[in-house]
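Here's the structure, in C-alpha cells; my notes come after.
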Amino acid sequence: MTQVAEKIRGDLAQHRADFPILATRVHGKPLVYLDNGATTQKPTAVIDAVERFYREQNANIHRGVYALSQRATDAYESARRTVAKFINADEHEIVFTRGTTEGINLVAACWGRSFLKPGDEIILTALEHHSNIVPWQLIAESVGAVIRVIPINDAGELLLDQYAGLLSDRTKIVTVAHVSNSLGTINDVKKITAMAHAVGAIVLIDGAQWVAHHPTDVRDIGCDFYAFSGHKLFGPTGIGALYGKAELLERMPPYQGGGDMIESVSFKKTCYAKPPARFEAGTPNIAGAIGLAAAIGYVDSIGFEAIVAHENALLAYATEQVQRVPGLRIIGTAAEKATVISFVLEHPAVPILEVGMQLDRDGIAIRTGHHCCQPLMDRMEIPGTSRISLAFYNLKSEIDIAVASLLRIVESAVQKSKASPPSPAVELAYPQALAPTPRAAADALAANFEMFEDREAKNEYLLDMAGRLPQTFALLKKVTPRVTGCMAEVYLVPRRKPGTPDVLEFVADADAPIVRGLIALLQGLYSGQSASSILAFDVETFFRHIGLDSFISSQRRNGLAGMIQRIRGAADAIAKTPAEQVK
C-alpha cells in the first residue's frame, strides 16, 4: 500500500468515532456493520442537527410570520440549496421526498400519467429494485404503455448493444439504477442517457446506491430526473430528494394535493404553486431535510477522493478474502463495481437465511434474501444471496472477522452433512397429529414456545423441530411444483388421508433450516386434522400468541403464508368433495 493510501485509510479510521452505534455490541460481540446498502449509520453531526432543530427551531415552515417559523423555513430552504449544490443542480429543481421510492413514484404518477400513451414504451433494466419496476408496471397498465427490459450477462453487466436495439421512437422513458443494490454493478448512466436522448426519450436514474460513494453531477450525466435517499447517505430516514429538469417539473401536475402546494384555492378552481412547492404538499420532514444537509456537509468535510480510494481498496480486499471460503460463489462480477459483494454458499449448500443468522450471532450484520430484486434473482437462477455492503467507516479487520465466521459456518455445514441420514428414496412418512384438533395442537405447541422467553431461544426451538422433520427435499422437488411466495425453496404435497372421509395430511421440506422448522410447526397444527377444522382454525391468532413475528423475518412470514394457502386450498377441496367421489 502506498503512503498516500495508508494515510487515507488511517484518516478514515479516525472517523469511526463519529458514529456512536459502531461502538455498540451485539450478542456480546463488537458490532461489525456490513449492511450499508440497506441503510448507513449516522454520525454525531447528523444526530445533533436533528436534535438541535427539535430543541431550538421547531416550527412549521413557509406560513408563519413569527421568528421561529422564519428560522425553520430558512433552515429547510438552506438544506435544499445544500442538496442542489451536492449534485450540481439548481435549488428550484430539487423536490424533497421521503426517499428514492417516492421520487420514482412521483415521476411515474405525474410525468407518466400526463405524457405516456397507449403503445409508448418504458425501458427498464434487469438489475432494477422493485421500487423501479412496480411503479412503471402500474402506470403501464393504466395508460396502455409497454415495458421493455435491458438484459444482462452472467457477470451482471447491462448488454448495451441490446439496449440500442430496444430504443425507438416509441421509447418515451428509460429508467435505470446508477448502481445495482444487489450486485454492485455500476452502470454507465451517462452513455445510457445519451442513447435515450438520441431517440427523444427522457431518463430517470435511481441514485440510491451511488450518492454516498461517489460524487454526483446531474449536469454531466445529462439525465432528466435523479432520485436518492438520505438514509443511505448517512442522513435520517424518511427524507430524500428528486432532481428534475426545470422544464419538465413545470409541465407536470401535482403529485398530491394539500397545503403549501397551491397559489390559490376556490371551490371552482385551484391554481398550483411553481415547482418544487407544487410537489411538496403538507408539512414536510423539516428535521429530515436539515439532517440530510448535515450529512452532506459531513461527507463533504471528508471528501470523495478519500472515500473512493478507501472503499476501492476495501472492496478489493473483501473480494479476495471471501474467496478463501470453500464453496462460496460471488454473484455479480462486473468490471465496474461498487462496494457490494453478493454471494451464495454452494458446497456444502448453506441457506442464505442461515448464513445471516449465524453471522448475527458473531455480531456481524449483513443482508440476506432477494434484496427486492426478484426478477434479477430469477435471471441468476437463485432464490437470493447473502450480501456484504461496505462504507468508508468499515475496516479490513471487520472483513477478517466476517470471513472467519463464514469459515466456521461452512465447517459446521460439512460436519452436519456427514452426520445427516440419506433422504428416503420412495416412501414418504406422514407424521401423526399432536392432538385431535388444531386448537388442541395449538395449545400444546404454544405451551412449548412459552417456555422460551427470548428470540434466540425460540429460534433454537424451531431449529430443533426442523432437525426432527424427515428429509424429503430431493424427492419432493422432483414430484411437485415449488410453493410460491417463499424466499427458500419449499415443496409441499397435501392429500386426503387414506381410509378417512375428511382428514388432510401433508409432507413438505425446504432448503432452509428455519423454514423446515416452520414446516414442522405446520405439521403439528394441521397434518392429520379434519379439513373442516383446518378451515375454521384461526392460525393468525396462534401466531400472535407465540410471538412468531419476533423471531422470524417478514420475508419468512410471506413464505409461511404461501404454505398455509396451499394447505387450506387442499383442505377446501377435501371439504367440498365427498369421499366416495375421490379416486
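Ranked by Cβ crowding within 10 angstrom, fewest neighbours first, how are Arg278, Arg324, Arg516 ordered? Display every interim value, and only then the final one.
Numbers: Arg278 21, Arg324 11, Arg516 26.
The order, fewest Cβ neighbours first, is Arg324, Arg278, Arg516.
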Nearest 10 degrees, 0 to 90: helix 554-576 Cα axis against the chain principal axis: 50
Lysines with Cα under 20 Å of Lys576, excluding same-chain neighbours fewer than 8 positions away: Lys497
Contour minus Cα-Cα distance for Lys418 and Gln374 (0.36 nm per residue): 12.6 nm
Interchain or long-range residues, amide H under 5 Å from Val146's placed H: Gly119, Asp120, Glu121, Ile122
Mean Cβ count within 10 Å, highest first, over the residues of peptides 185-192, 539-546, 232-239: 232-239, 185-192, 539-546
Qualifying chymotrypsin sites (Phe, Trp or Tyr not before Pro) for segment 244-283 [loop in DSSP, other Cβ within 10 Å: at most 15]: Phe267
Residue order, fewest to most surrounding Cβ atoms within 10 angstrom, among Cys110, Cys373: Cys110, Cys373
Computed lengthening from Arg251 to Gln565, 0.36 nm per intervening residue step minus Cα-Cα distance: 108.4 nm
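Expected output is a single nm value to one decimal: the length gained when fully extending between Arg468 and Ser114, i.e. 0.36 nm times separation in residues minus the C-alpha distance. What is it?
Values: separation 354, 0.36 × 354 = 127.44 nm, distance 5.82 nm.
So the chain would gain 121.6 nm between Arg468 and Ser114.
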Residue exposure sequence - Thr171, Thr270 - by fewest surrounding Cβ within 10 Å: Thr270, Thr171
Loop GluC sites (Glu not before Pro), segment 306-345, which have at most 11 other Cβ atoms in a 10 Å radius of their Cβ (DSSP): Glu336
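Ranked highest first by the average count of other Cβ atoms within 10 Å around their residues, in what order do 96-108, 130-142 fall? Numbers along the way, then the final one.
Details: 96-108: 24.1, 130-142: 18.3.
Going from most to least packed, we get 96-108, 130-142.
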R0 of 41 Å, Cβ-Cβ distance Ala67-Thr237: FRET efficiency to nearest 0.05: 0.90
Unit Cα scatterers, Debye sum, segment 285-431: log10 I(q)/I(0) for q = 0.09, 0.10 Å⁻¹: -0.39, -0.47
Percent RCO, i.e. relative contact order, over the chain, from Cα pairs under 8 Å lying at least 6 residues apart: 14
³J(HN,Hα) computed for each position of segment 21-38 - Karplus, 6.51 cos²θ - 1.76 cosθ + 1.60, integer Hz, glycine/proline x: 5, 5, 9, 7, 10, 10, 6, x, 10, x, 5, 10, 8, 10, 10, 6, x, 7
Between segment 185-223 and segment 443-477, the Cα center-to-center distance that results, in Å: 48
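Every number here is computed from the coordinates shown, using simple stated rules; none is lab data. The model shown is predicted, which means the values in this text are computed figures rather than measured ones. Here Cβ is always computed from backbone atoms with ideal geometry, including for glycine, and neighbour counts include all displayed protein chains.
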